Amino acid sequence: MLVRIVKMTFEPSETEAFQKLFDRNRSKIRGFEGNEFLELYRDKNNKNIFFTYSYWKDEEALENYRVSSLFKEVWSETKKMFSARPEAWSVDKVWTSGPVGSSQE
């Protein structure tokens, strides 16, 4: 499994438009072959900074998404709203915590 984290900084006037774009496409992204998990986060102090956090089956699955018409369509709209260059990381999950009191704690 591959974990992908993307940080996006938007023009403050574009945050609502971005959220609408994400809402329209999140089920398509989540349903893309190889995507296993998708979340969107917003910075508590800088309301124009968002992060996507997604799990992919492997690097090939992520790359298939990145060359897909869905990605090209969504990204072409998203990048028009940026106020800073996006940052992205592909990481391996090393450890995760389960609920308090579980054996994973």
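The values are calculated or read from the model by the stated rules, or taken from the named source; none is laboratory data. Bear in mind the structure is a predicted one, so any value in this text is a computation, not a measurement. Glycine gets a Cβ as well: all are built from the backbone with ideal geometry, and neighbour counts include every protein chain shown.
General observations
- Any hit, region 42-56, residues being in a helix (DSSP H, G or I) and surrounded by 11 or more Cβ atoms within 10 Å (Cβ to Cβ): no
- Candidates Ala61, Ala88 - the one that is in a helix (DSSP H, G or I), at pLDDT 95 or above and among the aliphatic types (A, V, I, L, M): Ala61
- Qualifying residue in region 11-32 (condition: surrounded by 16 or more Cβ atoms within 10 Å (Cβ to Cβ), outside any helix (DSSP H, G or I) and under 12 Å from the mean Cα position of the chain (by Cα)): no
- Candidates Ile49, Ile29, filtered to the one that is closer than 14 Å to Ile5 by Cα and at pLDDT 95 or above: Ile49
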